[in-house]
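Please read the structure below before turning to the comments.
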Amino acid sequence: MSNKPNVERARRRRDNVAPPPVRRALLVVVSAPSGGGKTTLCERLLKACPAMTYSVSCTTRPPRPGERNGRDYHFLAPEEFARRLRRGEFLEHAVVHGHHYGTLRAPVWRALRAGRDVLMDIDVQGAAQIRRAARHAPRNDLLRRGFVDIFVAPPSLRVLKSRLTARKADSPAVIARRLRNARRELRRWKEYSFLVINDRLETAFMQLKAIVEAAHCRVENQSVGKRGRP
Ligand code: ADP
Ligand code: 5GP
């Protein structure tokens with residue numbers, strides 16, 4: 001067996017050097033009204049941060065053209081969703097636009113424990129559930145230490161409507177319902193720690209990435225050496 005770690009420890013003691021800071025995992029929660037740009041921004045963030053894992057939610061809504069089971073969502077029948085809910089498999093869950101959505105507990109914990117950042121695209125109700133859990137968790141808990149919540153807002157409701165229409169993913173009735181919900185969701189932006197206005201995509205993306213980088217630099221996300229230095 002190599003004695004390299006011992007040699008390294010001895011060198012550090014001799015040189016009075018603390019171990020390098022450990023990069024601790026973040027749980028990044030992004031919410032926005034439908035059409036606000038979460039999917040677009042999250043996809044770009046995942047490309048820019050290869051070590052980040054996307055939390056694939058479960059939903060009872062039908063897949064849209066181009067969506068793949070297991071990649072975009074786990075598409076479940078209502079009975080299967082209810083069964084998993086009864087078994088306590090969800091970290092959070094909510095009814096959004098008339099369908100059930102939920103985040104599975106196990107994959108999130110697996111990724112956080114492995115030191116991988118987790119990115120979640122969930123609605124304001126789900127974000128509130130995780131925020132509450134993070135606040136009540138013990139001080140050193142992974143959920144509490146790594147929790148970062150970001151609200152993405154469109155520049156206006158008029159722009160939101162035109163983006164939803166241009167996306168051509170939903171019928172006019174579904175778009176009308178999503179716009180009604182958007183008014184309600186937009187009122188809750190102050191519950192979040194960060195707000196990004198998605199006007200110019202490039203600016204919004206830069207802000208989102210900067211928030212994640214800053215969260216990694218937060219003091220509570222650094223390990224501290226014996227002599228109180230990072
Ligand atoms: P969400 O996932 O929040 O429902 P999407 O990411 O699907 O929203 O974005 C809705 C539509 O708006 C998509 O067609 C997307 O290409 C477009 N879009 C997103 N952000 C911008 C932006 N900053 N400027 C113009 N169009 C945008
Ligand atoms: P869509 O059907 O457009 O993909 O998503 C509709 C809404 O459901 C969005 O606001 C999205 O953030 C939210 N959503 C997606 N997955 C989850 C989840 O696991 N939990 C909760 N609470 N909301 C989710």
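Out of all the residues in the stretch 71-114, which are open to solvent by 40 Å² or more (accessible area, probe 1.4 Å), within 22 Å of Pro50 (Cβ to Cβ) and more than 16 Å from ligand 1 (Cβ to nearest atom)?
Matches in the stretch 71-114: Pro107, Trp109, Arg110, Arg113, Ala114.
Please determine, by comparing only the residues of the stretch 125-174 that are within 10 Å of ligand 1 (Cβ to nearest atom) and not aliphatic (A, V, I, L, M), which one is least open to solvent (accessible area, probe 1.4 Å).
Pro154
Go through the stretch 40-64 and give me each residue that's free of Cβ contacts under 8 Å to residues at least 12 places away in the same chain and closer than 26 Å to Val174 by Cα. Spell out the reasoning first.
Within the stretch 40-64, the first condition is being free of Cβ contacts under 8 Å to residues at least 12 places away in the same chain, and the residues that meet it are 43, 47, 50.
Once the filter is applied, which keeps residues that are free of Cβ contacts under 8 Å to residues at least 12 places away in the same chain and closer than 26 Å to Val174 by Cα, the stretch 40-64 yields only Glu43.
Please find, within the stretch 153-197, the residue that is nearest to the chain's Cα centre (by Cα) out of those that are away from ligand 2 (no atom under 14 Å from the Cβ) and among the polar types (S, T, N, Q).
The qualifying residue nearest to the chain's Cα centre (by Cα) is Ser193.
Condition (residue is in contact with a strand residue (DSSP E or B) (Cβ under 7 Å, 6 or more places away or on another chain), open to solvent by 60 Å² or more (accessible area, probe 1.4 Å) and either assigned to a loop (DSSP other than H, G, I, E, B) or free of Cβ contacts under 8 Å to residues at least 12 places away in the same chain (or both)) applied to the stretch 183-201: is it met by at least one residue?
Yes.
Pairs under 7 Å by beta carbon, first residue within 11 Å of Thr59 (Cβ to Cβ) in the stretch 70-84, partner of a type in the set (A, V, I, L, M, F, W, C), six or more apart or different chains?
Pairs found: Tyr73/Val56; Tyr73/Cys58; His74/Val56; His74/Cys58; Leu76/Cys58; Phe81/Cys58.
The values are calculated or read from the model by the stated rules, or taken from the named source; none is laboratory data. Because the structure is a prediction, the values reported are computed rather than measured. When we count neighbours, we look across all protein chains shown, and the Cβ atoms used for this are built from the backbone with ideal geometry, even at glycine. Accessible surface is based on the protein model in full, side chains and every heavy atom, while ligands, DNA and RNA are left aside. Shrake-Rupley method; radii C 1.70, N 1.55, O 1.52, S 1.80 Å.
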